[in-house]
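Below is one structure, written out as structure tokens, with a few remarks after it.
The values are calculated or read from the model by the stated rules, or taken from the named source; none is laboratory data. Note that the structure is a prediction, hence the values are computed from the model and not measured. Please note: Cβ atoms are built from the backbone with ideal geometry, for glycine as well, and neighbour counts cover all protein chains shown.
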Amino acid sequence: MCLGLYWPVLSGKPIWDDQTFLFQSAVMKPNFSNWEILKSFNWPVSVMAQKGIFAIFGDHYPYYHLVNITIHIINSLLLYLCAKRLNLTYALLLYALFILHPSNVITVSWIIQFKTLICFTFAILSFYFLLRSEESHQFKFFSLIFFLLSILSKSASIPFAAILAAHYFVTKKKSFKILFIPLLLLTAIASFRILKSPSSPISSPYVSMEKVEKVHNQGTLSLSHQISNILGTSYYYFWQVFLPIQNAPVKGLRYDQFSIIQFAHIFFISLLLFMLGNSFSSYVLLSGHLMLLPFMGIVFAPFMNITWVSDQHLYLALPLFLCFALELIKKGKWRFLNVIPYFFLLLFVFKIYETVPYYKDEMTFFEASLKADPYNVPIAHNLVISYLEHNQLNQALNLSETFIHMAEGVPEIRSNPYFPDLFLLNLRLHQPSQESK
């Protein structure tokens, strides 16, 4: 079913950062050594893996999509194995809800998100071997190795070390104690490298996510703005798990003002934790939020902030939130509660079917994102370039004109760091055709 739902993705073209970081990147060329990647990159494992895949497949895009779909299926099966190891009665339901969750469409369909997928693979393998470490001491070593591979694939799994440590405290198994110091050291070193590293220099006509994040990091945000970011991001990702009605690839939601909904959400989560007390439900709920920390705007570092609200950030936290929901259903006394997950499965299948077409090419990707956030200047800039690359000059001119007119009454657009780039694009479109080319 998963393969069938994702089948249209196989014909999808590269989108956004796919060209910058993969198909047009100097790093992917044979003369750029793996040793240089290992020495200079924060995420060398995922970069070297993609370099190897690029050497095999070249510009044959369907194979990249097939690799991503396959890894997602493997991740779902590994999640099922861990759930069985934990003796969770709903292991099969957890597997089904995860493999068919529509928030995973962007991670699976966007070629460059291969890094998120293998980051999850190594993280879940680390947890799986931790669970098996009672059988043999060698599994502790495997757990550490896979955790290291995970944080070297993408820094999103750094908080996972706290979950491994928490499992030790909950289970009170002394055999886990030997893992503490290595886990702590690996996490500290990886965190320090990420916090101190500059954003990667990008040479591309597109405004990449990393470029926007670099500008965002350099800016100064008020404390109230930062708190609003954290509350709003937490609110969005939590409810997107259970009601995934936001289909746009990049949501671009603006959390620049306090909202009563944000505070109501925090009150709701606090009340849940109070009512559940010291239980497995509380642990998975807190762990889910812990995995979202890099994307809540708390730490302003390269690749780790709220600049873009996008569902690939949810991939590692999703199993924990789904586990929390199934725990609540298991605790319920109403006999029809067990039917609820199956209604959600039907909803998830429908939403995947509805969402997959957004990834057929970059124009569709940007158009859907701009519809979700009509004031998103970087997305508009990218869409104008995409129109130009496909010789749709009128669409490019109309969109750039629209934003220039909107900027007169919307200070947020006028003050955006990338509005001058969009303005210059518009000027060039008004010049003779040869100069425009």
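Considering only the stretch 284-294, I want to know if a residue exists there that is hydroxyl-bearing (Ser, Thr, Tyr), under 24 Å from PHE160 (Cβ atoms) and at pLDDT 80 or above. The answer is yes; a qualifying residue exists. What do you reckon, is ALA83 at pLDDT 90 or above and farther than 17 Å from LEU117 by Cβ? Yes. Elements of the type helices (runs of 4 or more DSSP H) sitting completely within the stretch 340-437 and holding at least 1 residues that are among the hydroxyl-bearing types (Ser, Thr, Tyr): these cover 340-355, 362-372, 377-389, 393-407, 433-436. Exactly one residue among LEU130, LEU93, LEU117 is touching a helix residue (DSSP H, G or I) at 6+ places or on another chain (Cβ under 7 Å), of a type in the set (A, V, I, L, M), in a helix (DSSP H, G or I) and farther than 18 Å from LEU318 by Cα, and that residue is LEU130.
Is it fair to say PHE54 is without any contact (Cβ under 8 Å) to a residue 24 or more places away in the chain and either part of a helix (DSSP H, G or I) or among the hydrophobic types (A, V, I, L, M, F, W, C) (or both)?
Working: without any contact (Cβ under 8 Å) to a residue 24 or more places away in the chain: no; either part of a helix (DSSP H, G or I) or among the hydrophobic types (A, V, I, L, M, F, W, C) (or both): yes.
The answer is no for PHE54.
Tell me, which residue of the stretch 132-182 that is at pLDDT below 75 and polar (S, T, N, Q) is nearest to LEU78 (Cα to Cα)? Here the answer is THR171. Criterion applied to ASN34, ASN68 was being assigned by TED's automatic domain parsing to the domain that holds TYR353, in contact (Cβ under 8 Å) with a residue 12 or more places away in the chain, over 21 Å from ASP311 (Cβ atoms) and of a type in the set (S, T, N, Q), and the one residue passing it is ASN34.
Among the residues of the stretch 30-51, the one identified as within 27 Å of GLY4 (Cα to Cα) and not polar (S, T, N, Q) is ALA49. Just the residues that are closer than 22 Å to MET275 by Cβ and in contact with a Ser or Thr (Cβ under 8 Å, 6 or more places away or on another chain), please, taken from the stretch 318-362. Correct list: LEU320, PHE324, GLU327, LEU328, LYS330, LYS331.
Look at (1) surrounded by 24 or more Cβ atoms within 10 Å (Cβ to Cβ); (2) modelled with pLDDT under 90; (3) in a loop (DSSP other than H, G, I, E, B) and you find that LYS333 fails only one, number (1). The test for being closer than 30 Å to TYR95 by Cα and surrounded by fewer than 16 Cβ atoms within 10 Å (Cβ to Cβ) does not hold for PRO44.
Residue-level check: of (1) surrounded by fewer than 21 Cβ atoms within 10 Å (Cβ to Cβ); (2) modelled with pLDDT of 95 or more, LEU97 misses just (1). Cβ-Cβ contacts under 7 Å between residues 6 or more apart (or on different chains), taken from a first residue in the stretch 273-293 that is farther than 16 Å from ALA325 by Cβ to a second residue that is assigned to a helix (DSSP H, G or I) and aliphatic (A, V, I, L, M), are listed as LEU290/ALA162; LEU290/ILE163.
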